[in-house]
Amino acid sequence: QAVTVEVLDHLEQLALVDFRDAEGVERLQKAIRFADQLQEVNTDGVEPMDSVLEDRCLYLREDDVTEGNCTTELLKNAREKVEEYFVAPPGNIPLPKLEERETFLKGS
């Protein structure tokens, strides 16, 4: 499956991973080819698992809040917030323009 410039741009922004050279693009294409193999597995009739522990039960606990109620205190640490959510900073890697990345994709 070919990696388009748009897909590359989207993945870089989501993952904050720099794919700007031919090696990075090749690594991404290898990962896609590896993941595509999963499509070949026939899972008809296979029930989803609750746990990877075949011989033991997965015990779930009640999701009761036993301590906390410190939202206001925690949000004081936020550099920027919207409503009651932290706002993550933009990516810390400089991303090249789409036109610059086309060069790397053509070589792969």
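The values are calculated or read from the model by the stated rules, or taken from the named source; none is laboratory data. All figures in this text were calculated on a predicted structure; none of them were measured in a lab. Counting neighbours? That spans all protein chains shown, and the Cβs are built from the backbone with ideal geometry, glycine included. Heads up: the accessible areas ignore ligands, DNA and RNA and are worked out on the full protein's heavy atoms, side chains in. Shrake-Rupley method; radii C 1.70, N 1.55, O 1.52, S 1.80 Å.
Each residue in region 45-89 was checked for being within 30 Å of residue 3 (Cα to Cα) and either open to solvent by 100 Å² or more (accessible area, probe 1.4 Å) or more than 26 Å from the chain's Cα centre (by Cα) (or both), and 1 of them qualify.
Any residue in region 64-71 that is in a loop (DSSP other than H, G, I, E, B) and modelled with pLDDT of 85 or more? Yes, that holds for at least one residue.
Applying a threshold of 8 Å to beta carbon distances and a minimum spacing of six or more residues, or different chains, the list of pairs starting in region 63-85 at a residue that is free of Cβ contacts under 8 Å to residues at least 12 places away in the same chain and ending at one that is assigned to a helix (DSSP H, G or I) and surrounded by 10 or more Cβ atoms within 10 Å (Cβ to Cβ) reads 81/75. Summed over region 8-39, the residues that are surrounded by 15 or more Cβ atoms within 10 Å (Cβ to Cβ) and either part of a helix (DSSP H, G or I) or of a type in the set (Gly, Ala, Ser) (or both) give a count of 8.
For every residue, the table says whether it meets (1) at pLDDT 80 or above; (2) basic (Lys, Arg).
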| residue | (1), (2) |
| --- | --- |
| 1 | no, no |
| 14 | yes, no |
| 19 | no, no |
| 30 | yes, yes |
| 50 | no, no |
| 53 | no, no |
| 93 | no, no |
